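In what follows, a structure is listed as structure tokens, so that the remarks can point back to it.
The values are calculated or read from the model by the stated rules, or taken from the named source; none is laboratory data. In this text the structure is predicted, and so the values were computed from the model without any measurement. Every residue, glycine among them, receives a Cβ derived from its backbone with ideal geometry; neighbour counts consider all protein chains shown. Surface areas here come from the heavy atoms of the whole protein model, side chains and all, with no ligands, DNA or RNA. Shrake-Rupley method; radii C 1.70, N 1.55, O 1.52, S 1.80 Å.
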Amino acid sequence: MSPPSDSLPDTQSDVHVSSLAKRIHGWSWQAFPIGMGTGAVYVSLAGLKNHSSTLTSVETFFYFLNMALFLLNTTTLALQAILYPRQSLRLIKDPVKGVFVPLVVLSFATIIIGTINYGVPPGHVHPNFIYNLFWAYVTLAVVVCFPMLMIWFNQPHDIKTFTPAWAFLIFPMMLVGVVAFNVLRVISPTDTRAIGVLVTGYFFQGLGFFMTFFYICIYIIRIMTTGFMDGHQANGAFVACGPPGFTALALLNLGARAKEILPAHNLVSPNAGEIMYACSALGALLLYGLAVFFFVFGALPYWFKLHKHLHEILGCWALTFPNVGWIATTKVLADTFVIPGFYVVHLIMVILMCIAWLILFALTILAFWKGKIFMAKDEEVLRDTSSLLAKDAEKGRRSSSTWVGAARSGHPSITGPLDLDARVDANRTGRVDTLHLGGLGHPESNRF
């Protein structure tokens, strides 16, 4: 009987990797912008001045589509973590792909807003449940963002490769203010819980905006050094619209809620609510101008800098969700300052948002069908699978050694004939047909 080999031989040429395995292995956190872009559609449509029941039905369809995409992404990434833990950890630690991890929290935010819009009015969802969802979102934002910040800042990064998308690590905390004012829509101003939601919304909105503002400053330094971003990074220019746009939207709406909540509880001073609203409106107007500037600043060179490659389509979803903030703010400013022209601008931008979604969704499906995205190579899957095979083979060798020793010593627990030579030889040659990895290996087809 030959002694067991210390290494597992290369059997990759004899193993067929299924499309499903390559899809699961190739899935990434960059899938969440698709759902966020879908959420951007119904959030934008919900703000239209003239609103019909047909439009609400369209928004509801996008809401359920967003939830389906969210479940698909979370389930696939969970399977990846179970079946290919090395790849899952690799994505989290990757300096480029790792910044997309917090987008799972942003996708959750769009679902909460959709639930408030389409679940509470018909009575399907109780406001108490929405209140609990708010604190679940705050907790999730903190739990996800801070560990990812620790991982990301634990290694150096080149400013010449900087993109505003790196600010995604902060975005979930910045969106707390947006989620807060939506939650306050279904909570009475006289309810004491409204105070906590209001204060938390302002707190995290300030934290998130100023942190992302530092990223924007680095973005300006980067393009001063290298010129406009090109290739897939050209999409990142629109991410810069997000922080000022969403903060302007949050300030206006939180200020309007503060005008009702603070006097109802006799807090600070009798005029505290009015003063806070006025200050919020002023700050929102200033930030709105900055957001519009970054939109124009990114749009003008966009077509000339973008690489028209189908495998880079996921980055193009930055055309949708970062722009929702300033587009929605346009309508709120129209209501606040009674500017009819802003309603027209808002309508035009919402239509462009829907057109962008249709084009991007069609191209994303085409890229998926052609295997340009979310598709790993055979050798990548086998590389991460072989480590599991090696571990299983090592366990098999140890078990075989135990059985051999027990059989030779006449151990009472060993009964019946044992083909020890065949078992040890299987561990030595590393044949996949004797190694079963929780259903990954098939004894006949060696299919993964």
What number comes out for accessible area per residue over the stretch 250-303 if the probe is 1.4 Å? Units Å², please. 51 Å²
Lysine pairs in the stretch 19-385 with Cα atoms under 20 Å, if 8 or more residues apart or on separate chains: 12
With all protein chains present, how much of the accessible area of the stretch 119-216 (probe radius 1.4 Å) comes from carbon and sulfur, to the nearest whole percent? 72 percent
If I model a spin label at Val58 and Ala136 as a point 7 Å from the Cα along the Cα→Cβ vector, what separation in nanometres do I get? 3.0 nm
Surface per residue (accessible, 1.4 Å probe) for the stretch 1-149, Å²: 45 Å²
